[in-house]
Amino acid sequence: MERALLVTIKLKREKDNWSLDDIASEMEELIAACGVEAVDNITYVCDKPTANLFIGEGKTKELAVLAGELDVDVLIFSQDLSGTQQRNLEDIIGRKTIDRTQLILDIFARHAKSLEGKTQVELAQLQYLMPRLIGKGLILSRMGGGIGTSGPGEQALEIDRRRIRAKIDRLRQDLKQLSQHRLTMRKKRKENALPTVALVGYTNAGKSTLLNSLTSANQVVCNSLFTTLDTLYKSLRFPNGENAVISDTVGFLRNLPHHLIEAFKATLEEVNEADLLIHVLDVSNPRVHDYNLAVMKVLQELGAQEKPMITALNKIDLLDDDSRLERLKKDFVNPVAISAKFGTGQELLLEKIQENFLSRMERLEIILPHKRMDLVDLFYRKGRVEDIQYQGDGIHVKLTLPKILASNLLREKDIKVL
């Protein structure tokens, strides 16, 4: 197991509510997701970064001494470093140095399972490497494996600029084709008039646990950041018998680098296309308001901030103070208190989702010819059948259908509307 020295830096110019301790704590969570031992976490408050080392020569030399005393393999900075800063730090400290983005990319590479997920991660990694090329090589050529080199790292070390650009172009083309397949599936869902719901939230908020609770999806659940990278779709059935499609997406993060959002645009398109967002918030975390702001920032960047939303206040089983929950309910949009782990509040959440789609449904009373049993099957799959009777003049049905399907149905010449 690699031994890491964390270097957590808070810039005075940063206008957010995250304290130095908060940033340090999140860095430790990110490190844990990589299976690396955090030997120590050194914290600094910095006026502004220097162009050559970010933290200044004096502090860099102090880190070099400490890294030697602790016998660490890698230093991990909470701030993003330029190629020059990274190279100069490694020259003085004599150990591998990586930044927050590279750490996140390493986690992504470890957790991507599907072809699309792996392609997106590789694209993001190569885009990160491009500005860090030096001459014919990479500043990462001294790494020799370990954290920060998962995915294409090892094979990319000897690739020159031209070949990396060509590889980026190929990956973009691959993602375009995969995105086209996703678009085809999306069109099919729309033709079937199935409403769509997307789970969004800060990483490790409990989205996968909620998906499992609502649909028996058997999605892998782990108390770790970015467990889910590949979008998963499942059928969701409401208490009134109607159906929807629900998807789980990659978790968001504070200051998620823009090029990571760009690389995962194909996956995050599902957020834009969804009819309803369920924002899962971990209310047991003291940083819940900061997590909410971070998610809203990403939704704004995606152009999805105006989507209809339900806020699932998750992990209420970990709250000792009921008054805190009542206060939190006043702070967020359309709140529902739940425990995805134990199923608490699940019925209320389903009812809330169902209410959102009532305007999309239409109630009908019709008579079908006996030969149209194919439609009876469709009614049970896509709508809610209230009553069905097989009589001499045909099949009498009382049902509720999505308006799109109802409109198509009423065009059928052999169907009689009562």
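Laboratory data are not the source of any read-out in this text; all were calculated from the coordinates shown. Given the structure is predicted, the values throughout are model-derived calculations rather than measurements. All Cβ positions, glycine included, derive from the backbone under ideal geometry; neighbour counts span all protein chains shown.
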Residues whose built amide H sits under 5 Å from the amide H of ALA337, excluding neighbours closer than 5 in sequence, are LEU313
Listed residues GLY56, GLY201, GLY117; largest mean-square fluctuation, Gaussian network over the chain with Cα springs below 10 Å, found at GLY56
By the DSSP-based rule, helices of the chain that are at least 18 Å long along the axis (C-alpha) and have a mean Kyte score of at least 0.0 are 20-34, 288-302
Projected onto the charge dipole of the chain (unit charges on the beta-carbon of Lys, Arg, Asp and Glu, signs +1, +1, -1, -1), the Cα from LEU375, SER323, LEU211 with the largest positive-side position is that of LEU375
Mean-square fluctuation maximum in Gaussian network of the chain, Cα pairs under 10 Å, restricted to THR97, THR50, THR119, hits THR50
Note, ARG170: beta-carbon cut-off 12 Å, +1 each Lys/Arg, -1 each Asp/Glu, net +2
Checked the stretch 254-347 with the C-alpha gyration tensor, a ≥ b ≥ c its square-rooted eigenvalues, rounded below a/c of 1.5, otherwise prolate if a/b is larger than b/c and oblate if not; verdict prolate
Of all GluC sites (Glu not before Pro) in the stretch 306-354, the ones in DSSP coil with at most 15 other Cβ atoms within 10 Å are GLU306
Across 5 Å bins beginning at 0, the whole-percent shares of Cα-Cα pair distances in the stretch 361-417 come to 4, 20, 37, 29, 8, 1
Residue-normalised 222 nm signal for the chain, counting each DSSP H run of n ≥ 4 as -39,500 (n - 2.57), nearest 500 deg cm²/dmol, is -13000 deg cm²/dmol
Output ordering of 35-42, 10-17 (per-residue mean of other Cβ within 10 Å, highest first) is 35-42, 10-17
Listing CYS46, CYS34 by rising number of other beta-carbon atoms within 10 angstrom, fewest first, gives CYS46, CYS34
Taking only the alpha carbons of the chain, the radius of gyration and the largest Cα-Cα distance, Dmax, both in angstrom, are 25.7, 93
Computed from the beta carbon distance with a Förster radius of 25 Å, FRET efficiency for GLU29 and ASP321 to the nearest 0.05 stands at 0.60
Looks like the stretch 1-98, by Cα gyration tensor root eigenvalues a ≥ b ≥ c and the a/c under 1.5 rounded cutoff (else prolate when a/b is bigger than b/c, oblate otherwise), is oblate
Between ARG13 and ASP80, Cβ-based FRET efficiency (R0 22 Å, step 0.05) works out to 0.90
Taking r as the C-beta separation of LEU378 and GLN173 and R0 as 41 Å, the FRET efficiency to the nearest 0.05 is 0.60
XL table LYS307/LYS398; LYS113/LYS176; LYS113/LYS382; LYS188/LYS403; Cα-Cα > 21 Å flagged, in table order, is LYS307/LYS398; LYS113/LYS382
For the stretch 76-117, listing trypsin sites (Lys or Arg not before Pro) in a DSSP loop whose Cβ sees at most 13 other Cβ atoms within 10 Å gives LYS113
Magnitude of the Cβ-charge dipole (Lys and Arg +1, Asp and Glu -1) of the chain about the Cα centre, nearest 20 debye, reported as 1620
Least to most buried among HIS111, HIS279, by other C-beta atoms within 10 Å and fewest first, runs HIS111, HIS279
For ASN52 and GLU355, extending 7 Å from Cα along the Cα-Cβ vector and measuring point to point gives, in nm, a value of 6.3
The residues MET185, MET361, sorted from fewest to most surrounding Cβ atoms within 10 Å, come out as MET185, MET361
Projected convex hull area of the stretch 194-356, Cα atoms, direction-averaged, in nm², equals 8.7
Expressed in nanometres to one decimal, the distance between label points 7 Å along Cα→Cβ at ASP21 and LYS416 is 7.6
Note on the stretch 77-118: alpha-carbon gyration tensor, axes a ≥ b ≥ c; rule is a/c under 1.5 for rounded, else prolate if a/b larger than b/c, else oblate; result prolate
